[in-house]
Amino acid sequence: MKKILLLLVGAFLITGLQAQGTFKIGLSGGIPLGDASDFSSFALGADAYYLFGKRKALVRLGPTVGFRNFFGDEISPGISVDDAQFLPVALAGRISIFGILQGGIDAGYAVGITDGLDGGFYIRPILALGLLRFFELNFSYESISDNASWGNANIGLLLVF
């Protein structure tokens, strides 16, 4: 009986949270810019968002967490650079324009996961386009200020719940 009661309470809580916000999860790929272009050939990332407020609200805010991998490049014959990995943790803000178009910014801190990377200030301006009801295509520039500038211009696809 306790298990059934806990299951029902959990279901109501999850349903209540879902009604109050939007959960998004997706992947992105990008071309390294700035100092990152000297060390990396491609950037790949994963993101998870929870934005408070109804899906069609004009302004929404919420937390986001992600993972970035800048694939190491060969900088001269026989000398290659290892991959650089970061864990961005940020606050995301979005403004809805015409219902399907969104503009916004993610700002926070990216923790350096790879040895030798400290991490630094993280900022990501985004322009997003809603596709159907469950997908979002986004275009963004991402910058992580470590000892070097880890930037990339990327495109991503998110699944919206």
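Report whether or not Ala153 is surrounded by fewer than 16 Cβ atoms within 10 Å (Cβ to Cβ), of a type in the set (Gly, Ala, Ser) and modelled with pLDDT of 95 or more. Quick ask: steps written out before the conclusion?
Values: surrounded by fewer than 16 Cβ atoms within 10 Å (Cβ to Cβ): yes; of a type in the set (Gly, Ala, Ser): yes; modelled with pLDDT of 95 or more: yes.
Against the criterion (surrounded by fewer than 16 Cβ atoms within 10 Å (Cβ to Cβ), of a type in the set (Gly, Ala, Ser) and modelled with pLDDT of 95 or more), Ala153 qualifies.
Take the range 110-140 and flag every residue that is exposed (fewer than 15 other Cβ atoms within 10 Å of the Cβ), under 18 Å from Tyr50 (Cα atoms) and at pLDDT 95 or above. Within the range 110-140, Pro125, Leu127, Leu129, Phe135, Leu137 meet the criteria. For beta carbons closer than 8 Å, sequence separation of 6+ or different chains, a first residue in the range 47-69 that is among the small types (Gly, Ala, Ser) and a second that is outside any strand (DSSP E or B), the qualifying pairs are Gly53/Gln20. Select from the range 35-56 the residues that are farther than 26 Å from Phe134 by Cα and part of a loop (DSSP other than H, G, I, E, B) and list them in ascending order. Within the range 35-56, Asp35 is the sole residue that qualifies. The set of residues in the range 63-82 being at negative phi and small (Gly, Ala, Ser) consists of Gly66, Gly72, Ser76, Ser80.
Ala128 - would you say it is more than 21 Å from Leu87 (Cα to Cα), free of Cβ contacts under 8 Å to residues at least 60 places away in the same chain and of a type in the set (Gly, Ala, Ser)? The answer is yes for Ala128.
Restricting attention to the range 33-53, which residues are surrounded by fewer than 19 Cβ atoms within 10 Å (Cβ to Cβ) and among the acidic types (Asp, Glu)? Matches in the range 33-53: Asp35, Asp38. For the range 35-49, give me each residue that is closer than 24 Å to Leu91 by Cβ and at pLDDT 95 or above. Correct list: Ala43, Leu44, Gly45, Ala46, Asp47, Ala48, Tyr49.
Picking from residues in the range 79-88 that are among the aliphatic types (A, V, I, L, M) and surrounded by fewer than 16 Cβ atoms within 10 Å (Cβ to Cβ), the one that is farthest from Ala48 (Cα to Cα) is Ile79. Among the residues making up the range 57-112, those that are closer than 17 Å to Asn138 by Cα and either among the aromatic types (Phe, Trp, Tyr) or outside any strand (DSSP E or B) (or both) are Phe67, Phe98, Gly99, Ile100. Looking across the range 1-34 at every residue that is at pLDDT 50 or above and in a helix (DSSP H, G or I), the one that is nearest to Val59 (Cα to Cα) is identified as Gln20. Condition first: loosely packed, with under 15 Cβ neighbours inside 10 Å and more than 18 Å from Phe135 (Cα to Cα). Can you find one or more residues in the range 93-103 that meet it? No, the range 93-103 contains no residue that is loosely packed, with under 15 Cβ neighbours inside 10 Å and more than 18 Å from Phe135 (Cα to Cα). So, Asp73, is that one at pLDDT below 95 and under 20 Å from Ala46 (Cα atoms) or not? For Asp73, the condition - at pLDDT below 95 and under 20 Å from Ala46 (Cα atoms) - is not met. Being of a type in the set (S, T, N, Q) and surrounded by 15 or more Cβ atoms within 10 Å (Cβ to Cβ) is a property that Ser76 lacks.
The values are calculated or read from the model by the stated rules, or taken from the named source; none is laboratory data. Predicted, not measured: the structure shown is a model, and the values here were computed from it. All Cβ positions, glycine included, derive from the backbone under ideal geometry; neighbour counts span all protein chains shown.
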